[in-house]
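Here's the structure we're looking at; comments come further down.
The values are calculated or read from the model by the stated rules, or taken from the named source; none is laboratory data. Bear in mind the structure is a predicted one, so any value in this text is a computation, not a measurement. Every residue, glycine among them, receives a Cβ derived from its backbone with ideal geometry; neighbour counts consider all protein chains shown.
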Number of protein chains: 2
Amino acid sequence: MQTPTLRDVADAAGVHPATASRALNPATRGLVNAETARRVIKVAEGLGYRPNPIARGLKTAKSSTIGLVIPDLTNPLFPPIVRGIEDVLEPAGYSGLIVNTDNDPQREQAQIELLRGRQVEGLIVATALIDHPLMARLHTEGVPMVMVNRRPDGVDIPSITPDDAAGIELAVQHLAGLGHAKVAHLAGPGTTSTGVARLRAFRNAVRDLDLDTDPELVVICDHWSEDSGAAGLRRLLDRRPDVTAVVAGNDLIALGCYDVFAERGISCPGEISVVGFNDMPFLDKLAPPLTTVAIPHQQIGAEAARLLLDAISEPDRPARSVLLPLSLVVRGSTAPPAG
Amino acid sequence: MQTPTLRDVADAAGVHPATASRALNPATRGLVNAETARRVIKVAEGLGYRPNPIARGLKTAKSSTIGLVIPDLTNPLFPPIVRGIEDVLEPAGYSGLIVNTDNDPQREQAQIELLRGRQVEGLIVATALIDHPLMARLHTEGVPMVMVNRRPDGVDIPSITPDDAAGIELAVQHLAGLGHAKVAHLAGPGTTSTGVARLRAFRNAVRDLDLDTDPELVVICDHWSEDSGAAGLRRLLDRRPDVTAVVAGNDLIALGCYDVFAERGISCPGEISVVGFNDMPFLDKLAPPLTTVAIPHQQIGAEAARLLLDAISEPDRPARSVLLPLSLVVRGSTAPPAG
DNA sequence: ATCGGTTCTGCAAACGAGTGCAGCCTGACT
DNA sequence: AGTCAGGCTGCACTCGTTTGCAGAACCGAT
């Protein structure tokens with residue numbers, strides 16, 4: 001016996017499929033006699049009836065599916081966010097379809113095309129660039145979407161981002177408090193909102209705290225990756241070997257620093273302190289354990305999902321954006337400067 | 001203008017929808033005049049026609065979707081496997097739907113129910129237990145599925161697993177080669193195939209290499225987790241404080257050992273050497289970098305996806321299972337025993 | 001007894017694509 | 001010229017569910 005269909009239930013209950021449909025759907029249940037409804041429901045349970053979402057989707061033009069666009073699931077930043085998203089989506093009867101773009105715009109476009117082909121009802125996007133024509137276009141086409149972690153400029157799309165400025169301020173204050181005066185920043189790419197926001201916050205912070213404002217203390221990395229971080233630190237050390245502390249754009253960039261420390265025999269935090277950003281898992285097991293700015297990953301995801309579900313159910317509510325608070329996790333990679 | 005439908009294409013091309021359908025579908029294209037087909041295809045491209053998979057799925061009873069059942073996406077072992085899977089699924093026109101079970105059988109059942117409700121055409125399951133009635137039932141019901149990483153006993157389901165025995169042998173040989181005689185094993189739970197296979201392999205290896213075979217040197221951990229690993233090592237040290245090397249059931253258990261080392265002031269690898277299993281990302285950044293048995297994560301996923309696609313297209317081909325080769329990655333957590 | 005109004009149920013038409021079957025046309029062969 | 005085969009195309013139905021509309025049954029009020 002195949003999985004029973006609505007018609008089977010209706011036949012077994014002695015009613016018309018339409019009535020069965022109404023009885024089974026909580027929203028329309030009021031239209032049918034309470035007694036009949038009860039009977040239909042009982043029969044449906046007895047048969048183990050599960051409505052076919054494909055058929056329903058065809059009729060209602062809804063897929064109960066939303067697309068998750070991330071750069072790379074393998075990046076430890078994303079799994080917790082994805083879980084946060086799914087934990088909200090699931091009780092709402094939605095499922096998430098994950099695609100990886102590998103930060104390739106071409107691939108991103110293709111993947112989003114694919115998602116739209118699958119009739120997703122909305123998009124949660126973690127690949128935003130500051131200048132992102134594709135996102136702008138989708139937005140004007142009315143595709144419900146929310147950005148996580150990063151956001152494009154000048155487009156009124158709802159977003160959930162960490163409070164980058166506050167996070168960097170926390171990091172710089174911590175280092176200044178330890179006595180560091182020559183603090184550098186390995187910034188993320190200038191094409192991402194997080195990259196520029198953190199850089200701007202860094203500049204403000206060093207100025208406000210009367211630290212060294214030499215522009216040579218800022219190096220912009222090409223990617224949010226270990227390798228780019230390592231390359232950035234090498235460049236920095238070649239220009240300013242006297243630097244005593246580094247605020248990394250994110251944890252991966254900080255990990256790149258560790259590689260350079262090993263390579264050049266620099267002791268951390270003895271000679272140079274490092275602060276990361278994101279608080280990826282297992283950072284506490286590093287040598288030394290990485291001091292970093294912690295963002296509430298799961299909460300970011302959950303909040304994003306909620307926002308998207310809102311946007312889907314009330315399409316013309318104004319875009320709402322949320323800035324999530326974060327905290328500094330002090331571990332072993334920061335210490336007062338030598339001497 | 002909404003996304004164009006098959007009827008739109010047909011109208012624009014001046015043919016009947018049925019003809020358009022046949023022209024667009026490579027499998028049936030031979031039935032229509034080559035010239036007509038060309039024209040229809042051209043028009044379809046012009047309009048940006050994308051077949052609606054929901055409608056197609058309704059008619060063909062295929063969803064082009066497969067379910068990925070994993071314990072927890074947040075566990076670093078899984079993202080690479082998932083990527084491997086999706087990299088194969090995508091070109092084949094399939095998408096993966098991920099669910100997390102948190103190792104809760106109740107939740108697992110509910111999630112799988114949900115996946116089946118969404119008409120997935122097959123399942124890739126990473127949550128197998130040795131005794132797993134649910135999987136056995138699904139298998140007899142004819143649900144195409146393949147197991148990754150772990151497999152149930154006594155059921156003829158295709159699976160992709162690492163060669164656990166060979167891996168453990170590699171680890172024990174390495175330690176024996178360094179001069180260790182008192183090697184312990186922190187085994188994973190006996191409810192999982194990997195747990196028992198690795199334990200059995202460990203027992204064989206220590207016997208074959210003439211090492212200490214004291215059963216007290218084996219501790220079975222309740223879960224594949226840091227905490228369980230830490231608890232296991234504490235128990236071990238209380239019984240056999242003279243142990244000089246530990247083969248951990250997996251990397252998380254090994255990480256738990258690191259916690260105990262810190263807690264009790266034990267130096268690694270000075271006093272105790274540790275070998276992990278799986279080669280999760282970033283293990284090389286630990287202090288000390290963890291020696292571990294590397295499994296080809298992406299390849300496991302890719303192979304699993306291929307096997308499943310095969311099983312879907314040829315349902316009564318006999319189940320094929322693959323044992324993937326692995327290698328030992330020697331890092332800093334292993335050294336000759338003191339003295 | 002008639003009417004108006006509920007309350008419930010059934011009918012039938014969708015949604016977008018796939019497909020067996022019938023029928024058209026063309027061309028070739030007798 | 002008539003027949004037949006074969007190649008294309010169109011018709012109409014189907015997948016499982018939802019939903020506007022119509023009609024049945026029943027109630028109370030006139």
Quick one: is A:Val172 at pLDDT 95 or above, in the same structural domain as A:Leu283 (by TED's automatic domain parsing), more than 30 Å from A:Pro315 (Cβ to Cβ) and assigned to a helix (DSSP H, G or I)?
-> yes
Being in contact (Cβ under 8 Å) with a residue 60 or more places away in the chain and within 13 Å of DNA strand C (Cβ to nearest atom) is the filter here, so list the residues in segment A:50-70 that pass it.
-> A:Gly57
If B:Pro79 passes every condition in (1) in contact (Cβ under 8 Å) with a residue 12 or more places away in the chain; (2) more than 16 Å from DNA strand C (Cβ to nearest atom) but one, which one does it miss?
-> (1)
Name, by its number, the condition in (1) touching a residue at least 40 places away in the same chain (Cβ under 8 Å); (2) more than 14 Å from chain A (Cβ to nearest Cβ) that does not hold for B:Gln111.
-> (2)
Are any of the residues in segment B:219-227 within 18 Å of B:Pro76 (Cα to Cα), over 21 Å from the mean Cα position of the chain (by Cα) and not in a strand (DSSP E or B)?
-> yes
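When segment A:53-69 is examined, which residues are found to be more than 7 Å from every other protein chain (Cβ to nearest Cβ) and near DNA strand D (Cβ under 6 Å from one of its atoms)?
Taking segment A:53-69 as the starting set, the residues that turn out to be more than 7 Å from every other protein chain (Cβ to nearest Cβ) are A:56, A:59-62, A:64-69.
Across segment A:53-69, the qualifying residues are A:Arg56, A:Lys59, A:Thr60.
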Looking at A:Gln106, is it within 22 Å of A:Ala305 (Cβ to Cβ) and either of a type in the set (S, T, N, Q) or away from chain B (no Cβ under 14 Å) (or both)?
-> no
In segment B:323-339, what count of residues is obtained for those that are outside any loop (DSSP other than H, G, I, E, B) and surrounded by 15 or more Cβ atoms within 10 Å (Cβ to Cβ)?
-> 3
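Can you find, within segment B:277-322, the residue that is surrounded by the fewest Cβ atoms within 10 Å (Cβ to Cβ) among those that are within 15 Å of B:Leu252 (Cα to Cα) and more than 14 Å from every other protein chain (Cβ to nearest Cβ)? I'd like the intermediate steps shown before the answer.
Filtering segment B:277-322 down to residues within 15 Å of B:Leu252 (Cα to Cα) leaves B:277-295.
Cutting the leftovers down to more than 14 Å from every other protein chain (Cβ to nearest Cβ) gives us B:277, B:291, B:293-295.
Numbers: B:Phe277: 28, B:Thr291: 24, B:Val293: 28, B:Ala294: 18, B:Ile295: 25.
Per the criteria, the residue is B:Ala294.
The rows are residues; the columns are (1) over 30 Å from A:Arg317 (Cβ atoms); (2) surrounded by 16 or more Cβ atoms within 10 Å (Cβ to Cβ).
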{"site": "A:Gly142", "(1), (2)": "no, no"}
{"site": "A:Val155", "(1), (2)": "no, yes"}
{"site": "A:Gly179", "(1), (2)": "yes, no"}
{"site": "A:Val183", "(1), (2)": "yes, yes"}
{"site": "A:Leu217", "(1), (2)": "yes, yes"}
{"site": "A:Arg235", "(1), (2)": "yes, no"}
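In this structure, is A:Leu24 within 8 Å of DNA strand C (Cβ to nearest atom), out of contact with any His (no Cβ under 7 Å at 6 or more places or on another chain) and of a type in the set (A, V, I, L, M)?
Values: within 8 Å of DNA strand C (Cβ to nearest atom): no; out of contact with any His (no Cβ under 7 Å at 6 or more places or on another chain): yes; of a type in the set (A, V, I, L, M): yes.
In short, no.
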Could you list, in sequence order, the residues of segment B:1-47 that are more than 9 Å from DNA strand D (Cβ to nearest atom), away from chain A (no Cβ under 14 Å) and not in a helix (DSSP H, G or I)?
-> B:Asn25, B:Pro26, B:Ala27
